[in-house]
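Working notes, beginning with the structure itself.
The values are calculated or read from the model by the stated rules, or taken from the named source; none is laboratory data. This structure is a prediction, so every number in the text was calculated from the model and none was measured. Don't worry about glycine lacking a Cβ; one is built from the backbone with ideal geometry, like all the others, and counts go over all protein chains shown. Surface accessibility is based on the protein's heavy atoms, side chains included, excluding ligands, DNA and RNA. Shrake-Rupley method; radii C 1.70, N 1.55, O 1.52, S 1.80 Å.
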Amino acid sequence: MAESPRTPGNAPTPPGSPLNATAPSPAPALLRGSLLFLAFLAVQLVLFGSLLSFPSSRFLPAPGDINTTWANGVSDAGACKAGLIYVYDLPSEFNHDLVDDCESLWPWYSFCQYLAHGGFGQRAATVPVFFNLTPNVSLPSWYVTDQFQLEVIIHRRLLSHRCRTTDPALATAYYVPFYAGLDVGSHLWGDNATVADRDRAGIRLLRWLRNQTSFRRSGGWDHFLTLGRITWDFRRYGDDGWGTNFVFMPGMENLTRLSIEADPTDPMEVGVPYPTGFHPHVAADVRAWQRHVLSRKRSKLFGFAGAPRVGFRDDFRDVLLEECEDAGRERCRSVDCRGSQCTGNGAAVLELFLDSKFCLQPRGDSFTRRSLFDCMVAGAVPVLFWRRTAYDQYRWYLPARSRAEEREWSVFIDPRVLRVGNVSVQEVLEGFSEKRVRRMRKRVVEMIPRIVYASASDGLGDGMEDALDVALAGVMKRFSQRRRSMTHVERPPGPVVPQRVDNKSTMTTPSDAKNGTAAAISQHDSAEKSSANSSSYIKTVVSEASASLIKSLHMS
């Protein structure tokens with residue numbers, strides 16, 4: 001007869017148990033079960049926390065989810081008089097998948113830590129050395145930010161921007177959130193990376209974009225994107241050159257490109273600040289930091305962060321290191337950037353610039369360096385040696401309409417004069433009175449809000465513009481000028497075809513070229529060209545109908 005479930009029979013004695021052993025008390029078993037359950041919960045909490053910290057889930061919506069904070073794309077019509085912005089919901093391969101693959105984006109170490117917090121990176125509050133460099137009130141505004149995260153930072157901000165719309169028919173501007181810098185960066189140093197690897201994502205992106213109604217209607221004139229690496233990484237010359245040829249691909253000729261280093265001869269590119277580690281949440285955070293850097297006592301006349309580059313003949317950084325050594329430790333200090341001292345958490349560079357009245361800013365591997373903005377955020381006056389490092393590069397951000405305006409916040413020394421020994425850095429800087437230095441530093445500190453990227457989705461508030469606000473205002477102004485200019489153009493831009501000018505391959509429109517500047521672009525290490533020369537060159541390859549449009553872009 002089968003036993004009833006309500007009256008179970010005696011359980012068999014476990015092997016090896018005493019036959020007459022007393023039955024175990026249920027209390028220890030209950031305790032063990034409770035402990036196991038608590039351990040299970042702890043493991044689940046750890047896994048859940050790890051899931052939350054995974055980069056892609058922290059700052060991007062799920063692919064296909066284009067809901068906006070503002071149901072109608074705008075919270076205050078008065079705040080968006082220039083127009084609304086539509087953010088394309090691209091296939092995940094162009095942004096989400098790159099973030100998900102953060103472990104393999106860089107051949108030397110994981111990139112995931114730098115993609116946390118919407119591209120800002122790890123909070124500086126978790127790095128003990130920052131406690132000695134920043135006041136407690138400013139510490140939450142500091143992060144360990146990688147210099148190549150512009151694409152991620154801008155995308156995240158625009159997804160919840162007050163002027164974003166989810167209806168493309170209502171938009172004045174269209175943002176293309178392609179992480180071109182992350183993509184090409186993952187193929188620049190790979191052992192088996194090919195030209196096809198570097199170009200593949202760009203080709204696929206533009207193929208997808210050309211099928212979009214908004215893009216077809218305007219030819220891309222009202223579209224913009226960001227480039228998180230310097231422009232030369234996207235301007236490959238020849239099949240065996242460096243980087244990708246994304247900028248020269250058909251479909252790119254009309255897009256405005258916001259780049260951490262632009263080509264000043266290309267009117268379609270605009271230089272925007274490198275991301276620094278300072279990401280204030282509100283205007284009060286900026287003012288607190290401004291008071292801190294202005295009141296800080298500085299023991300050094302000037303400082304320099306850098307390292308001599310092996311294999312570069314007559315490297316100018318060697319000259320500056322000698323200048324610092326000749327000035328002595330009382331007047332100058334340098335940080336040797338060999339290794340990870342400057343590329344790690346950035347604390348060593350911040351400490352150097354906070355202790356210096358002036359900071360030396362030579363060109364880097366290209367004409368610009370993130371160090372320029374690190375210097376200014378720390379309240380030090382930049383000493384420049386090439387105009388393309390700042391004056392000709394960041395026109396929307398750094399006052400450079402006249403030599404007098406440039407001298408308000410910077411010092412310029414001709415590198416040729418310094419190299420031959422006719423003058424020294426120490427002599428030039430000691431020639432400024434304390435009152436003049438104080439005035440220059442105050443001017444630099446006033447500029448801090450415009451060169452940093454706020455952490456709040458709506459910016460700093462209280463009438464204070466950050467770097468993104470400045471960029472969007474400039475983009476909207478450009479597009480407004482283009483619409484007025486396009487009324488004089490009888491037909492839309494034609495297809496882009498390769499041409500040869502001065503024995504160099506370029507992309508230009510046959511009879512109505514809007515971006516014929518590629519022919520004027522030299523190799524990465526070429527001599528500097530003035531904007532005036534660029535404009536005169538453009539007129540030789542651009543039709544008369546478009547010449548006025550190109551001119552308006554240079555002026556914007």
query: Considering only residues of the stretch 99-113 that are outside any loop (DSSP other than H, G, I, E, B) and open to solvent by 20 Å² or more (accessible area, probe 1.4 Å), which is modelled with the lowest pLDDT?
result: S104
- request: Within the stretch 246-260, count every residue that is part of a loop (DSSP other than H, G, I, E, B) and within 20 Å of G219 (Cα to Cα).
  value: 7
- line: Within the stretch 279-307, restricting to residues that are of a type in the set (F, W, Y) and part of a strand (DSSP E or B), the one that is farthest from the chain's Cα centre (by Cα) is F302
- request: Determine whether D239 is open to solvent by 20 Å² or more (accessible area, probe 1.4 Å) and assigned to a loop (DSSP other than H, G, I, E, B).
  value: yes
task: Give the residue that is modelled with the highest pLDDT, with candidates limited to residues of the stretch 263-279 that are over 15 Å from R369 (Cβ atoms) and of a type in the set (V, I, T).
output: V270
message: Could you check the stretch 115-131 and list, in sequence order, the residues that are open to solvent by 20 Å² or more (accessible area, probe 1.4 Å) and over 14 Å from A347 (Cα atoms)?
response: H117
message: Take residues that are modelled with pLDDT of 95 or more and under 30 Å from C163 (Cα atoms) and tell me which of the helices (runs of 4 or more DSSP H) falling wholly in the stretch 409-492 contain 1 or more.
response: 434-446, 467-486
query: In the stretch 168-182, which residues are in a helix (DSSP H, G or I) and in contact (Cβ under 8 Å) with a residue 60 or more places away in the chain?
result: P168, L170, A180, L182
